[in-house]
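Heads up: the structure comes next, in structure tokens.
The values are calculated or read from the model by the stated rules, or taken from the named source; none is laboratory data. The structure displayed is predicted, hence computed values, not measured ones. Cβ coordinates were reconstructed from backbone atoms using ideal geometry, including for glycine residues, and neighbour counts include every protein chain displayed.
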Amino acid sequence: MPFVLVSAPAGFGKTTLVSQWLEQEKPVHAWLTLDHRDNAPALFWNAVASALARVNPRFAIRESTLLSALEPGAAVDPITMLVNRLADYSRTWQAPSRLILVLDDFHLLDQPALLEQVRRFIDFAPGFLRIVCISRLDPPIRTAQLLARQQMVRLGPEVLRFDLALTRKFVQARRADLSEEQMLQLHQRTGGWPAALQLSALSENPLSHVPGPGQRALSDYLLEEVFAGLEPGLQGFLQDMSLLPLFSHEVADEARNGSDAADWIAAMRERNLLFQSYGEGHYWYRLHDLLIDWLQAQDREPERESSIRIRAAEAFRQRGLIVEALELFLAEGCYDQAEALVPLLLQAEDLSGYRSLPSRFPDSVRMCSPALLLLQALFAFMDGQYGAVLEHLAAADRLLQSTDPSPDTEALQFVSMLLGWPSARFAGHRAEAEQSLTQIQARLASAPAGLQHWGLYTLGTEAFMEARLGPARTLLTDALAGALDSGDNPCALRCLVMLVPVLVQGGRIGDARRCYEQTRLKLAHGPRSKEQVCLLAYLEGLLALEHHDLEYATKRLGEAGLIADQHLTPLDQLYLAFERFRLGMVLRDSELWQQELTRIEQLHQVMGQLRWHHNIPRPEVLEALARWTEGNGFPLILWAQSDPEPVVGNRFCTLNETLLKLIGQLLAASPVARELAALRTEAEEAGLLQLVCRLDLVSLMVQAFGDQDPEGAVKKLDALLALWVPRGLVRPFVDADPRLDSLLARISHEGIKESG
């Protein structure tokens, strides 16, 4: 069935049921939890596309495209756009046999136009897609017709109710004083409703008469009975805590101007009230939605509510819980206080869940807030939409220029520069990139301490892309040390991800391994995000590939690939795909390298770029190289003779592509000795010792087979092994022309064993 509706009131375990099914069956799926902010076509379809993009980046929709598609009479329809992309994806080899899209809390959507779009999406979705809606109400999307056409399965309360066996097991785990007859009566009176059974187990008299029909009357009655049996102080505490997204006893005391929260929390735990705990030691708590809804429906004191929220927001802010503070300030309409927190949010480790935050501010605040514009720029950068980043930055910079200087203003200006350089770089705007770089260099010494190592990281990355490996190594090493000293794990991880390839390309394989191990141990002291796990697996795979440990490289790069879609930016995914492409070439696995080459091209399209501005060769060059490793040199020859774009976006990539072009010319029997020597000199000056090693091997092959001097080539190979293998440079020898094997067979050297 293309559509599954899980519809029942609160407390029936709908979300738990679907999540446990997904955990057991492990289908490919995208999960989207909706909230009231998604009740608009633009925001809803952007959220759906973003959820699907975690499965495959082809589903990502650029914001400008989506918004124009939603204009009245637009030529592009968002439903058609998504359906077409799903259909195209279903025909690719990487598509699963079934893709599940889960839309949780669907009852929060009530816009007729949006619901009609959802209905159209269900009607036209390709056969491999299954849409699962979790809702407290049956949505008005003509479900009767879907049922009649056998296009829908509905799981309602009658299916989700506990049977007697489950009721018995559930209640006995909470109280052992009920007889079998009482258990049967309780089951009949609650109708097997899980939340009612939980409340009944809390009640002093679980078999008391339940007035009125319907689940709402039952929950109201049971909650009222349970609540009435609590001492007044605990009642007041629960009412106050229903205003907060979560609480600890310290936050609760500050919000209520009291000192008894720890005692009330202990009383809640003793009574097994409907609340959840977070973290070790049950330090943070949250009331159950059912209890929150009931408490918030009771008579309240508006002034007391407002003061509790504002004091709690301040308590959250002081503890660095920026999102919770923002939520409460926004609920009270304290937009100035909320906007003042956005600069701190920009430094959060994971911002993916806060994409709708800017839309919750009034236009009068959002359009005049540099911090909110920078937040939108950051989200666009995470999506690889570099043109949109530059637009947001331009608007933020105009506001910052008209703002009185202050530490906050200076910090925001520096953040804008940090985002501006890579965005301009990858969008192909070299002049803007150089301007941002000049500004970073000029402001680095006076930049806020927490941003200085990010500035060093940016300068080091630029040096790497321009093939200045000495400065790149120094800058990135300093940035890494500063980030680790200050506890800035996100920056430390970024520095490591850049520094390891710099050391590898500089022929310092041992240093790269030691740097990785030392940094990994220091990062292990804090909690690991999925992004960190993925990037560390990527680096381990890269290093294993350099050491020719193909089994471990396959394992770690494969593990990174499994979660990359959900937790890495498109740019990170691009470089991971390149390493997996290399692995496919080394393994002679044409299916793997073709898969990753396709992925590289798709990611480039997702990022919306026309020209190639990355630190790896262009896709057409990669394909020619892969064909050559398979014994077909014609594509490399053809590219070398007809390349219409000899200069790419950075010097590092240009130098490496030049080597491949010279190999293509060699295969075509063209003389390239002078060009090889010139390129070697340039590579040596740049510190690209891995490239120097590869050039030495190409020159050796020319000597052996072009100049017909095999004896001289054997002596040169013996010297090259002695020079490069002790440094850890194994990969160039493994990747060299297969004819090198005949020369290796003629010499005896300890380095041969190390080279695999």
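Would you check which residues across segment 137-171 are among the charged types (D, E, K, R) and at pLDDT 80 or above and list them?
Within segment 137-171, D138, R154, D163, R168, K169 qualify.
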Has segment 631-645 got any residue that is surrounded by fewer than 19 Cβ atoms within 10 Å (Cβ to Cβ) and more than 29 Å from A677 (Cβ to Cβ)?
no
Test A47 against the criterion of being surrounded by fewer than 20 Cβ atoms within 10 Å (Cβ to Cβ) and either over 24 Å from the mean Cα position of the chain (by Cα) or modelled with pLDDT under 85 (or both), and give yes or no.
yes
Which residues, taken from segment 233-265, are at negative phi and outside any helix (DSSP H, G or I)?
S242, L243, L244, P245, L246, F247, S248, G258, S259, D260
Sole exception among (1) surrounded by fewer than 23 Cβ atoms within 10 Å (Cβ to Cβ); (2) farther than 16 Å from C653 by Cα; (3) of a type outside the set (F, W, Y) for T458, by number:
(1)
Inspect all residues belonging to segment 272-293 and state whether any of them is at pLDDT 90 or above, within 29 Å of S359 (Cα to Cα), of a type outside the set (K, R) and in contact with a helix residue (DSSP H, G or I) (Cβ under 6 Å, 6 or more places away or on another chain).
no
Just to be sure before I move on: is R746 assigned to a helix (DSSP H, G or I) and basic (K, R) in the structure I sent?
no
A396: modelled with pLDDT under 90, in a helix (DSSP H, G or I), crowded, with 17+ Cβ neighbours inside 10 Å and among the hydrophobic types (A, V, I, L, M, F, W, C), yes or no?
no
Give me the residue from segment 144-182 that is touching a residue at least 40 places away in the same chain (Cβ under 8 Å) and part of a helix (DSSP H, G or I) and, out of that set, nearest to R119 (Cα to Cα).
L146
Candidates S369, S356, filtered to the one that is over 22 Å from L456 (Cβ atoms), crowded, with 18+ Cβ neighbours inside 10 Å and of a type in the set (S, T, Y):
S369
Selection count, segment 81-103, where residues are exposed (fewer than 12 other Cβ atoms within 10 Å of the Cβ), modelled with pLDDT of 80 or more and either under 26 Å from W21 (Cα atoms) or not basic (K, R) (or both)
1
Could you check Q665 against (1) in contact (Cβ under 8 Å) with a residue 24 or more places away in the chain; (2) not in a helix (DSSP H, G or I) and say which number it fails?
(2)
Conditions (1) free of Cβ contacts under 8 Å to residues at least 12 places away in the same chain; (2) not in a loop (DSSP other than H, G, I, E, B): number failed by F329:
(1)
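For (1) within 16 Å of G455 (Cβ to Cβ); (2) in contact (Cβ under 8 Å) with a residue 24 or more places away in the chain; (3) of a type outside the set (A, V, I, L, M), each residue gets a yes or a no:
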site: L357; (1), (2), (3): no, yes, no
site: Q385; (1), (2), (3): no, yes, yes
site: S402; (1), (2), (3): no, no, yes
site: A411; (1), (2), (3): yes, yes, no
Give me the residue from segment 560-605 that is within 19 Å of L539 (Cβ to Cβ) and of a type in the set (S, T, Y) and, out of that set, surrounded by the fewest Cβ atoms within 10 Å (Cβ to Cβ).
T569
Which of the numbered conditions does S369 fail, given that it passes all the others? Conditions: (1) of a type in the set (S, T, Y); (2) at pLDDT below 90; (3) touching an Asp or Glu at 6+ places or on another chain (Cβ under 7 Å).
(2)
Within segment 8-40, residues polar (S, T, N, Q) and without any contact (Cβ under 8 Å) to a residue 24 or more places away in the chain come out as T16, S19, Q20, Q24
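From the residues in segment 404-419 that are hydroxyl-bearing (S, T, Y) and touching a Pro at 6+ places or on another chain (Cβ under 9 Å), which one is surrounded by the most Cβ atoms within 10 Å (Cβ to Cβ)? Reasoning before the result, please.
Of segment 404-419, the ones hydroxyl-bearing (S, T, Y) are 406, 409, 416.
Next cut, touching a Pro at 6+ places or on another chain (Cβ under 9 Å) only: 409, 416.
Details: T409: 16, S416: 21.
Per the criteria, the residue is S416.
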Selection from segment 713-756 of residues touching a Phe, Trp or Tyr at 6+ places or on another chain (Cβ under 8 Å), at pLDDT 85 or above and under 20 Å from L587 (Cβ atoms) yields P732, F733
